[in-house]
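A short reminder: the numbers here are calculations on the coordinates, not readings from a lab. Only a predicted model underlies this, so the values are computations on that prediction, with no experimental measurement involved. Positions of Cβ are backbone-derived with ideal geometry, glycine not excepted, and every protein chain shown enters the neighbour counts.
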Amino acid sequence: MKRMDVSRIVCIADVRLTERLEAEADRIGLRETWSTRGKQVALKARSVWQPFGRRLPMAESPSDIIRFYVPRQHERAAMIRLAAAADLYLPGRGSVYAEDVALIGDGVQPWDEEKLCADQPSWVVENRMEPAPYDMIYCIVQRGRGGELARTMLEMGLCVPIVSFGEGMGMRDRLGLLRITIPQEKEILLFVVPPGDSDFVMDVAVRKANLHEPGNGFLCRVPVRALAVNSRMHLDRRKHVATMEQVISTLDQLRGSTDWRRMSAAARHHRGAEPEGLVRFTLICEEGTSSAHVRAALDAGAGGATLSLLSRRVPAPHEGGGEVAMASRARECCDLVIPRALKERIEEAVTRTGLFAESSGGFIETGIVYDAITAAGR
Amino acid sequence: MPESVQSTSVMLQIPLRRKLSLIWTYARERLMRQVHAVAFITGYLALFQLLVLRAPIADFLKIAAGILAVVAGLAFFMEGLFLAIMPLGERCGLRMPARAGLGLLVAFAVILGITATYAEPAIGFLKAQGSSTLPWRAPLLYYLLNAGAPLTVGAVAVGVGFAVVLGVFRSLRSWSFKPFLYLTIPVLLALSYWVSRDPRTAAIIGLAWDTGGVTTGPVTVPLVIALGIGVSRIAGRGDEPSSGLGVVTLASALPVIMVLLLGAVLAPRFPMPGGPDEFFAPERHNQSVRVAGSEEAFRELAANNLSPEKVKTRFGTESKKKPSDAGPRRHVPRKMMRAHAVNALKAIVPLAAVLLLALLLIVRERLPHNDEVSLGLVFSLVGMLLFSYGMDRGLSSLGNQAGRSLPRAWEATERPDKAVTYSGINENLLVRAVRPNGSVAEYLPLADKGGPQFVPFIRERYDADRAEYRWIPEQGPVAGDEDFWGYALVLLFVFVMGLGATIAEPSLNALGVTLEELTTGTYKRSFLIVTVALGVGAGMAMGFCRILFAWPMIPLLAGCYLVALALTCISTEEMSAIAWDCAGVTTGPITVPLVIAAGLGIGQRAGAAEAFGVVTMASVFPIIAVLLSGFLIAARRNALDLENLQMDAAPAEREAKP
């Protein structure tokens, strides 16, 4: 089994930018990218139609969440090129961040060695932007409850939440046919926040979504490096030559960190060790084949999994037309957070169910998790 | 895939009480959702009849039971859709292209389309719409609805089959949706115009366009939508939510073309429209028999429509007049239940069988959730049964009553429920009055609460032996004496009825849920439903305008569709796919019976030849409504998002970046 340590880059951008991002990904030399549909939310100014009410209306912009893998040494260059291609530095467009993961599996060929390692254009080399440490908070709640949580984040001015849909697996699947009475639809919320704020954001999320009570959801924190983070929380008519978001990001750059805008006095989370000994364990395989693997993982001791649909994209060959595309691009992504001790066992279990076989065409991605909160407590 | 691991999971044991509470929460939520959906239309129909038309509701308990059945049926049916039918369709779409060759895929799509048409035959609805068609006034139409009905259904089936093939290929090859529209709609309009120039075929235009709206039933629509989405996920730009849509639009448009072509092909063999005497003339015997379908049917027609002497001279024999079964047939409830059960089985079993066979034989794969799918199929069967039974006894019956009372909007009506019997009446009391033409009318002075008044004397109500007179008071037109207000009231009624019925439509709900899922909730189900409902309401009002004022069909159709096409040109690909698919989805099992009900009430008054065209109008207006809503969304967004207005413009010069 091939194992490699790589950088996973996630780029979230308005759907109108997807084409540009994909074109740039092809130029960078990526062989495979995976994307899923999500949305970025913001508060908007009161309109004529809703003149009353205490709360501002929410605006949702459909966005694509694109992920791919590059060797660690190319992480910065790839992020810079993507951010420039879609002008992600402009507030309201999107975010791009990277994290360390290990890939396990033979089927995955994320990049084109020759093209990727070719010299970077001079504007990339000369670029002074450096990825800054951020925390990505990954939060799963019942479908329909995410909106309220996202709104809270916006109203408190914490971050621009990124929302996508998924399905939960776990306890529900051990109930027999009675499982249909429990909704499996989940909402996945991503909060990319400065490390100084992440404890506070987690507290808010736990309280607002009642994550300390059973059955309400799950939350974990992953350290990432972000180059551009969407900070446009309010859609409103522009009143000055620069928006507040632009002012803030300039200050971030001048001060070299986001620490100056910390909201709480909480001590900064210590980075480095993994206090809980937890790992994020993600299976990616052809759509419709994941249930056997996830069940095996659950039997091997995992607590639960969240399924989301991905669409695999390979650069278009240039001949055009031709036969009907027979290779499916539909993939399923199952996210599990498990104790490190269980990793080997679960890996063996999913190997036995044929995750790496041709019919599933799957691979595993594992990454660090700082801490996770669910009903059982921290 | 190794299957040894499938069932090793430990099942959780939970106490019965907890189980029951889980089931209760689940059932209550689903039922309440349908209660919300149905409450509006039910309350509206009842209140309109009671308060505006001031007519009592007959069979109140029966109707209430029927409406409960509709709610329960809808809840079961929707759950069945989400548990079984849509997952099956999506799985077929996801797996078939990879496992089956091109030929097999086409064959599968054709079979699916044809099965769908036969499973939910809409011909019953079309017959009801054309029930007042006279064989001599529109011979071809009469033939297509009666003896030629199998041919009509066949043409529709071929159209739907072809549509499914095209839709699947569109998703697979990620062809743009708009060219399909630019191609089919003008062809449709041109064909309609061409057909309208021949008096023999002109009458079938309404029929043809309405088949488009009604062929796609509550099982078919969610199924083909799921199929399209499955296919679009494996190929092309699967992340574009609209790339799976469009099949429904094609499945609505192609059958129209097929029926029009069928009409054009058959037309030369059919007689010109004329009077009954021409129709029954011996020299046109062969052609007329062809219209009726058979010699017996022809004789029956003659017996029902000609005087006995004429029949005798024409056929030489005394022909017995058979009672026509135009009136509502009375079924005993059990028999009715059985008929509904058969229909439910017919609607679901063949389609499910095609999908399951395709999965088992071609894809050769076990279903991941066998139990869920089986339960879902049972749910959809039970749901369909309860729902159609309840529609028949509850909502349609309420709609029929309101429809029948509708003429009260512009005519004076008698109120037998307020009849009073006066005793001590004799003919000496009668007062004679002269009409302008010199005839004499008799009036009777009667005293009631408001003082004395003269009422027209009707001899049949006078009992000379007992000296009693039964007076039935009359109620003036609800909307006053002006026709304008009467019409306005009717159109308002139809508008709100279309709106309410659409809110409860199951396939529109299914489309809404699918869209919400595809767009991660950025396109809200409730927004879609309300927009479409407004469109349907406006469309139905327009359709009835056409019937009331006898507006010509083709210019109206052309106008509406050209507006829709023009709006499509300037809309996004995604919005146009959504908008046009809504058109096929809207007219389902709730709207259609109510259209018939209102049509019967209004048709009587207007003396229209047929009540076709309402469904077509109710299909085209939602397109316009959804496209307009798209502009509204974009405008509101762009007003706030100035920086990002040019997001889809070419990327900035990268070399210039710092």
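Given segment B:247-291, report the % of alpha carbon pairs whose separation exceeds 13 Å.
Values: 631 of 990 pairs.
Looking at segment B:247-291, the distances longer than 13 Å represent 64 percent of pairs.
Is it possible to state the helix-based mean residue ellipticity at 222 nm for chain B, with each DSSP H run of 4+ residues giving -39500 (n - 2.57), the sum divided by total residues, to the nearest 500 deg cm²/dmol? What is it? Before the final figure, lay out each step's value.
Values: 26 runs with 414 residues, N = 658.
Using -39500 (n - 2.57) per qualifying helix, the result is -21000 deg cm²/dmol.
Among A:V350, A:S290, A:A372, which residue has its Cα furthest toward the positive end of the charge dipole of segment A:278-373, with +1 on Lys/Arg Cβ and -1 on Asp/Glu Cβ?
A:A372
So how much slack lies between B:Q453 and B:A550, counting 0.36 nm per residue of separation and subtracting their Cα-Cα distance, in nm?
Full extension of this stretch gives 31.0 nm more.
Working from the pairwise distances between different alpha carbons, so that the mean of 1/r is found and then inverted, what is chain B's Kirkwood radius in Å?
Numbers: mean 1/r = 0.0362 Å⁻¹.
Kirkwood hydrodynamic radius for chain B: 27.6 Å.
What residues from segment A:89-129 fall in the zone where the backbone N is under 20 Å from a label point 7 Å along the Cα-to-C-beta line of B:S174?
A:109-112
I need the shape label for segment B:420-471. Rule: rounded when a/c is under 1.5, else prolate if a/b > b/c, else oblate, with a, b, c from the alpha carbon gyration tensor.
On the way: a/c = 2.37, a/b = 1.41, b/c = 1.68.
Cα axes put segment B:420-471 in the oblate bin.
Tally Lys and Arg at +1 and Asp and Glu at -1 over the other residues with C-beta under 15 Å from the C-beta of B:I503: what net charge comes out? Mind showing how you got there, number by number?
Working: positive: B:R33, B:K524, B:R525; negative: B:E505.
Net charge in that neighbourhood comes out at +2.
Over all alpha-carbon pairs of the protein assembly as shown, lay out the pair-distance distribution in 20 Å bins, whole %, shortest bin first.
For the protein assembly as shown, the binned pair fractions read 12, 38, 31, 14, 5, 1 percent.
Can you give the average number of partner chain beta-carbon atoms within 10 Å of each beta-carbon in peptide A:54-63, as a whole number?
Numbers: counts 0, 0, 0, 0, 0, 5, 7, 5, 8, 2.
Mean shielding by partner chains, rounded to a whole number: 3.
What average count of beta carbons from other chains do you get within 10 Å of the Cβ of residues in B:366-375?
2
Within segment B:1-102, list the GluC sites (Glu not before Pro) lying in a DSSP loop whose Cβ has at most 13 other Cβ atoms in a 10 Å radius. If you can, show how the numbers build up before the last one.
Working: sites: B:E3, B:E29, B:E79, B:E90; in loops: B:E3.
Qualifying residues, ordered by number: B:E3.
With θ taken as phi - 60° and the coefficients 6.51, -1.76 and 1.60, list the Karplus ³J(HN,Hα) couplings across segment A:178-192 in order, rounded to whole Hz; mark glycine and proline as x.
For segment A:178-192, the Karplus curve yields 5, 4, 5, 7, 9, x, 9, 6, 10, 10, 10, 10, 10, 10, 9 Hz.
Could you give the angle, 0 to 90 degrees to the nearest 10, between helix B:591-606's Cα long axis and the longest principal axis of the Cα atoms of chain B?
Taking the Cα atoms of chain B, the angle to B:591-606 is about 30 degrees.
At q = 0.12 Å⁻¹, what is the base-10 log of I(q)/I(0) for chain A according to the Debye formula with one equal point scatterer per Cα and no solvent? Please give it to two decimals.
Summing over Cα pairs of chain A leads to -0.95.
Taking only the alpha carbons of segment B:83-225, what extent do you get along each of the three principal axes, in Å, biggest first?
54, 32, 24
Taking the simple approach of a point 7 Å from Cα along Cα-to-Cβ for both B:E468 and A:R340, what is their distance in nm?
Using points 7 Å along Cα→Cβ, the separation is 10.0 nm.
Please give me, ordered by residue number, the trypsin sites (Lys or Arg not before Pro) of segment B:173-259 that lie in loop per DSSP and have at most 13 other Cβ atoms within 10 Å. Mind dumping the intermediate values first?
Values: sites: B:R173, B:R197, B:R200, B:R233, B:R237; in loops: B:R197, B:R237.
Here the sparse-neighbourhood loop sites are B:R197.
Can you give me the long-range amide H partners of A:I373? Hydrogens built in the peptide plane at 1.01 Å from N, cutoff under 5 Å, separation of 5 or more residues or another chain.
Amide H neighbours of A:I373: A:L219, A:C220.
So what's the angle, to the nearest 10 degrees on a 0 to 90 scale, between helix B:178-196 and the longest Cα principal axis of chain B?
Approximately 30 degrees, to the nearest 10.
Determine the alpha carbon to alpha carbon distance for each of A:K186/B:K19; B:K19/B:K335; A:K115/A:K343; A:K2/A:K115; B:K127/B:K346; A:K186/B:K178 and list only those over 28 Å. All intermediate terms of the calculation are to be shown ahead of the outcome.
Values: A:K186/B:K19 22 Å; B:K19/B:K335 36 Å; A:K115/A:K343 34 Å; A:K2/A:K115 21 Å; B:K127/B:K346 19 Å; A:K186/B:K178 34 Å.
Exceeds cut-off: B:K19/B:K335; A:K115/A:K343; A:K186/B:K178.
Give the relative contact order (percent, whole number) for chain A; include only Cα pairs under 8 Å separated by 6+ residues.
Working: 775 pairs, mean separation 85.2, N = 378.
About 23 percent, as a whole number.
Suppose we flag chymotrypsin sites (Phe, Trp or Tyr not before Pro) only when DSSP calls them loop and at most 11 other Cβ atoms lie within 10 Å. Which is the longest uninterrupted stretch of chain A? List each step's numbers first, then the result.
Details: sites that count: A:W49, A:F52.
Counting only loop sites that pass the neighbour cut-off, the longest clear stretch is A:53-378.
I'd like the orientation of helix B:295-305 relative to chain B: the angle between its Cα long axis and the longest Cα principal axis, in ° from 0 to 90, rounded to 10.
Between the helix axis and the principal axis of chain B, the angle is about 50 degrees.
For B:23-29, what's the mean count of beta carbons from other chains sitting within 10 Å of each residue's beta carbon? Could the numbers behind the result be given before it?
Details: counts 3, 1, 2, 5, 1, 0, 2.
The per-residue average across the peptide is 2.
In the neighborhood of B:Y443, defined by Cβ-to-Cβ distances under 14 Å, what is the net charge if each Lys or Arg adds +1 and each Asp or Glu adds -1?
On the way: positive: B:R432, B:R435, B:R459, B:R461; negative: B:E427, B:E442, B:E474.
With Lys, Arg at +1 and Asp, Glu at -1, the neighbours total +1.
With a cut-off of at most 16 other beta carbons within 10 Å, and DSSP calling the residue loop, which trypsin sites (Lys or Arg not before Pro) in segment B:10-56 qualify? Please list them.
Values: sites: B:R17, B:R18, B:K19, B:R28, B:R30, B:R33, B:R54; in loops: B:R54.
Taking segment B:10-56 and a limit of 16 other Cβ atoms within 10 Å, the loop trypsin sites (Lys or Arg not before Pro) found are B:R54.
Starting from the amide H of A:L310, placed 1.01 Å from N in the peptide plane, find each other amide H under 5 Å away whose residue is 5 or more places distant or on another chain.
Counting only residues 5 or more places away or on other chains, the set is A:R331, A:E332, A:C333.
Taking the Cα centre as origin and putting +1 on Lys and Arg beta-carbons and -1 on Asp and Glu beta-carbons, what dipole magnitude results for segment A:72-204, to the nearest 20 debye?
Numbers: 13 positive and 21 negative charges, 111 e Å.
With Lys and Arg at +1 and Asp and Glu at -1, about 540 debye.
Apply the a/c threshold of 1.5 to the C-alpha gyration tensor of segment A:278-373 and tell me whether it is rounded, prolate or oblate. All intermediate terms of the calculation are to be shown ahead of the outcome.
Values: a/c = 2.84, a/b = 2.04, b/c = 1.39.
It is prolate, given that a/c is not under 1.5 and a/b is the larger ratio.
Summing +1 for each Lys or Arg and -1 for each Asp or Glu, what net charge is found among the other residues whose Cβ lies under 13 Å from the Cβ of B:G148?
Working: positive: B:K127, B:R269, B:R290; negative: none.
Surrounding charge for B:G148 is +3.
Round to the nearest 0.05 the FRET efficiency obtained for B:I633 and B:N437 when R0 = 60 Å and r is the Cβ-Cβ distance. Please report the intermediate quantities before stating the final value.
Values: r = 64 Å, r/R0 = 1.06.
Calculated value: 0.40.
Using 1/(1 + (r/R0)^6) with R0 = 25 angstrom and r between the beta carbons of A:R237 and A:M58, what's the FRET efficiency to the nearest 0.05? Don't jump to the answer; show the numbers that get you there.
Numbers: r = 17 Å, r/R0 = 0.69.
Efficiency, from the Cβ-Cβ distance: 0.90.
Would you work out the charge dipole size for the protein assembly as shown about its Cα centre, treating the Cβ of every Lys and Arg as +1 and the Cβ of every Asp and Glu as -1, and quote it to the nearest 20 debye?
Working: 109 positive and 99 negative charges, 361 e Å.
The calculated dipole for the protein assembly as shown is roughly 1740 debye.
Show the residues, 5+ positions off or on another chain, whose built amide H is closer than 5 Å to the amide H of B:R137.
So B:R137 has HN proximity to B:G274.
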